[in-house]
1. Using beta carbons and a limit of 8 Å, which pairs, at least six apart or on different chains, have the first residue in the stretch 25-42 and at negative phi and exposed (fewer than 12 other Cβ atoms within 10 Å of the Cβ) and the second one part of a helix (DSSP H, G or I) and at pLDDT 95 or above?
2. Anything in the stretch 73-99 that is farther than 14 Å from residue 129 by Cα and part of a helix (DSSP H, G or I)? List them, or say none.
3. Would you confirm whether or not the stretch 65-78 contains a residue that is over 18 Å from residue 177 (Cα atoms), surrounded by fewer than 22 Cβ atoms within 10 Å (Cβ to Cβ) and modelled with pLDDT under 95?
4. Considering every residue within the stretch 84-102, establish whether at least one is closer than 23 Å to residue 46 by Cα, touching a strand residue (DSSP E or B) at 6+ places or on another chain (Cβ under 8 Å) and either touching a residue at least 12 places away in the same chain (Cβ under 8 Å) or surrounded by fewer than 17 Cβ atoms within 10 Å (Cβ to Cβ) (or both).
5. Residue by residue through the stretch 149-167, note down the ones that are within 16 Å of residue 135 (Cβ to Cβ), touching a strand residue (DSSP E or B) at 6+ places or on another chain (Cβ under 8 Å) and assigned to a loop (DSSP other than H, G, I, E, B).
6. Return the residues of the stretch 1-24 that are in contact with a helix residue (DSSP H, G or I) (Cβ under 7 Å, 6 or more places away or on another chain), outside any loop (DSSP other than H, G, I, E, B) and either loosely packed, with under 15 Cβ neighbours inside 10 Å or at pLDDT below 95 (or both); say none if nothing qualifies.
7. Scan the stretch 43-63 for residues that are buried (at least 18 other Cβ atoms within 10 Å of the Cβ) and touching a strand residue (DSSP E or B) at 6+ places or on another chain (Cβ under 9 Å) and jot them down.
8. Are any residues in the stretch 45-72 more than 27 Å from residue 120 (Cβ to Cβ), within 14 Å of the chain's Cα centre (by Cα) and in a helix (DSSP H, G or I), and if so, which ones?
């Protein structure tokens with residue numbers, strides 16, 4: 001299921017561009033304006049709900065922090081559970097961690113060891129606002145599989161296609177908007 005050109009324009013026009021943030025040469029895509037636009041947010045979430053309602057999902061996992069917003073709304077619309085994937089040290093119970101590379105060094109994301117309860121092979125959609133180089137998302141997908149669930153797809157509101165973050169991903173990748 002694809003967005004119509006009109007729907008795509010509603011969503012895209014609601015995202016604010018901020019030049020030179022967080023450093024010179026970067027054009028930051030600010031989703032706070034999408035979140036404050038009821039028509040754009042509903043257009044996006046209705047599209048995602050229609051896309052995923054037949055996937056037989058058990059959970060939506062959202063990546064810290066903007067993936068929490070879209071992921072929890074989508075989980076509610078689909079009537080499934082929501083699981084947070086957080087930066088290291090932010091979850092209060094026993095966790096499993098996965099490292100990923102940054103431009104200069106490494107970082108880690110974590111998930112609760114019992115995030116999907118006793119349900120082995122739970123069908124999980126991974127959700128975030130943006131895929132750039134893909135490091136964080138790939139680590140999150142690995143975590144989902146490590147705790148006994150199955151990442152059936154990774155979904156992103158935007159993809160910076162020129163950074164090729166989807167390459168080498170262990171699950172199918174869907175992005176609503178591709179930015180080049």
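The values are calculated or read from the model by the stated rules, or taken from the named source; none is laboratory data. Model, not experiment: these values are computed from the prediction. Cβ coordinates were reconstructed from backbone atoms using ideal geometry, including for glycine residues, and neighbour counts include every protein chain displayed.
1. So the pair list comes out as 39/10.
2. Across the stretch 73-99, the qualifying residues are 75, 76, 77, 78.
3. Yes; the residues of the stretch 65-78 include at least one that is over 18 Å from residue 177 (Cα atoms), surrounded by fewer than 22 Cβ atoms within 10 Å (Cβ to Cβ) and modelled with pLDDT under 95.
4. Kept after step one, since they are closer than 23 Å to residue 46 by Cα, are these residues of the stretch 84-102: 84.
Checking which are touching a strand residue (DSSP E or B) at 6+ places or on another chain (Cβ under 8 Å) leaves us with 84.
Of the ones still in play, those that are also either touching a residue at least 12 places away in the same chain (Cβ under 8 Å) or surrounded by fewer than 17 Cβ atoms within 10 Å (Cβ to Cβ) (or both) are 84.
Within the stretch 84-102 (the criterion being closer than 23 Å to residue 46 by Cα, touching a strand residue (DSSP E or B) at 6+ places or on another chain (Cβ under 8 Å) and either touching a residue at least 12 places away in the same chain (Cβ under 8 Å) or surrounded by fewer than 17 Cβ atoms within 10 Å (Cβ to Cβ) (or both)), the answer is yes, since at least one residue qualifies.
5. Listed by number, the residues that qualify are 165, 166.
6. 16
7. 44, 47, 48, 51, 52, 57, 58, 59, 60, 61, 62, 63
8. Answer for the stretch 45-72, where residues must be more than 27 Å from residue 120 (Cβ to Cβ), within 14 Å of the chain's Cα centre (by Cα) and in a helix (DSSP H, G or I): 45, 66, 69.
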